[in-house]
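Here the structure is laid out as structure tokens; the discussion comes afterwards.
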Amino acid sequence: MGRLSDQVGELAHRLGDRAEAVCRRYLSKGHREGRYWLVGDAHNTPGRSLYVRLTGSEDGRGAAGKWTDAATGDHGDLLDIIARVCGHVQLRDALDEARRFLSLPDPEPGPEGPRRRGEPKAPTGSPESARRLFAASRPVRGSLVQAYLRARGITNLRADDPLRYHPRCYYTPSRKDLAGTRRAWSAMIAAVTDLDDTITGVHRTWIDPAALTKAPVATPRRGMGFLLGHGVRFGDADAVMAAGEGIETILSLRQVMPVMPMIAALSSAHLGAILFPPALRRLYVARDDDPAGDVALAKLTERGSAAGIEVVSLSPILGDFNDDLRLIGPERMCAAIATQLVPEDANRFLTISG
């Protein structure tokens with residue numbers, strides 16, 4: 001297979017066909033109960049929170065090898081399990097381990113032939129692919145992305161924000177997409193960076209230019225590259241920061257707290273796993289009002305306590321902070337947040353940005 005994405009899909013499918021054998025090797029501290037393998041987590045800790053489907057469901061919605069951690073909401077396939085248990089950071093190392101388990105030969109070079117020295121082809125979904133996509137994108141000012149965000153009440157955008165616009169970003173249809181789904185849409189491209197400000201991935205939001213809404217596809221938001229622990233950062237890390245799941249949640253919050261540094265983790269599972277900057281002493285968590293938001297807050301509170309960091313919850317009036325911004329307005333949103341901030345932070349950070 002020439003493309004890395006093809007290799008990933010094929011290996012994940014083969015591992016699913018041998019799901020119980022994979023679990024017995026890599027999740028050896030768990031056990032089988034009925035059609036599932038139960039274990040504590042994806043690092044092979046004893047317990048019952050994580051369950052792996054050993055056979056496909058009759059209705060076709062659950063494939064063998066898919067797993068969910070009920071404690072964190074995290075999920076994935078057996079290739080993810082191998083990567084975590086073995087401590088692999090690079091995807092290719094996890095693929096090599098999977099091939100060894102399955103007794104498969106190394107893949108043949110693709111039809112494009114071997115890479116020329118000095119001009120490596122970035123694997124699909126790699127940090128290098130993410131960096132190239134971000135570099136190929138355009139500034140947000142005057143673009144469709146600016147219009148899309150403005151339609152959601154977000155007007156405080158800055159030249160140094162980690163956001164870009166791509167006029168024709170490729171979209172790979174999933175099984176949930178309708179036949180004939182378009183494969184290229186305009187998109188908002190957000191840089192995901194680590195604590196050293198190195199781009200480790202990107203997040204794409206595909207946009208329908210006619211409606212100024214998310215594109216009518218099954219998954220209009222997708223990440224690529226290495227995301228866990230990292231995020232989309234607005235402002236420089238400091239002693240007081242805010243974190244939330246989505247980019248639009250964070251940008252909505254920044255409308256009333258324009259100078260507080262913030263980070264969007266891109267999912268509830270990733271929110272609970274963000275890495276703490278060394279200077280951080282108080283973290284406000286802009287949680288979504290749902291069970292996954294509760295889990296992320298609990299996990300951050302536990303981790304923050306161990307690191308000497310105060311974790312403070314920020315709750316929206318409605319479903320999320322963008323709903324608050326659009327439907328009740330920045331003044332009422334500001335007043336509601338003021339009651340949740342430490343008084344010295346309310347005086348320092350709260351101000352409505354136009």
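The values are calculated or read from the model by the stated rules, or taken from the named source; none is laboratory data. Being a predicted model, the structure only gives us computed values, none of them experimental. Positions of Cβ are backbone-derived with ideal geometry, glycine not excepted, and every protein chain shown enters the neighbour counts. Accessible surface areas use protein heavy atoms only, side chains included; no ligands, DNA or RNA. Shrake-Rupley method; radii C 1.70, N 1.55, O 1.52, S 1.80 Å.
Worth a mention:
- Report summary: the helix-based calculation at 222 nm, which adds -39500 (n - 2.57) for every DSSP H run with n ≥ 4 and divides by the residues of the chain, gives -8500 deg cm²/dmol.
- Neighbours of residue 80 by Cβ distance under 11 Å: Lys/Arg scored +1, Asp/Glu scored -1, total -1.
- Treating each Cα of the range 3-44 as an identical point scatterer and summing with the Debye formula, the log10 of I(q)/I(0) at q = 0.20, 0.32 Å⁻¹ comes to -0.66, -1.05.
- Database remark: amide H of residue 200 closer than 5 angstrom to the amide H of 192, 193, 194 (H placed geometrically; neighbours at sequence offset of 5 or more, or on other chains; Pro and chain starts carry no H).
- Sorting the segments 182-188, 267-273 by their mean number of nearby beta carbons within 10 angstrom, highest to lowest, gives 267-273, 182-188.
- Protection proxy ranking for 275-283, 7-15, using the average of other Cβ atoms within 10 Å per residue and placing the highest first: 7-15, 275-283.
- For residue 215, residues with placed amide H under 5 Å, excluding near neighbours: 206, 207, 208
- Prolate/oblate/rounded label for the range 198-354 (Cα gyration tensor, a/c 1.5): oblate
- Shape call, the range 307-347: gyration tensor on alpha carbons, a/c limit 1.5: oblate
- Separation between Cα centres of the range 249-322 and the range 180-207, rounded to whole Å: 21 Å
- Counting only protein heavy atoms and a probe of 1.4 Å, the accessible surface of the chain is 50% carbon and sulfur.
- Sequence-distant aspartates and glutamates (8 or more away, or on other chains) whose Cα lies within less than 20 Å of residue 214: 177, 245, 248, 288, 320, 323, 324
- Accessible surface computed residue by residue for the chain, with neighbouring protein chains in place and a 1.4 Å probe, gives 50 Å² per residue.
- Tensor-based shape of the range 281-354 (alpha-carbon gyration tensor, a/c under 1.5 rounded, otherwise prolate or oblate): oblate
- For the chain, the Cα gyration tensor yields ellipsoid semi-axes of 36, 26, 19 Å (square root of five times each eigenvalue, largest first, whole Å).
- Between the range 125-145 and the range 9-82, the alpha-carbon center distance in angstrom: 34 Å
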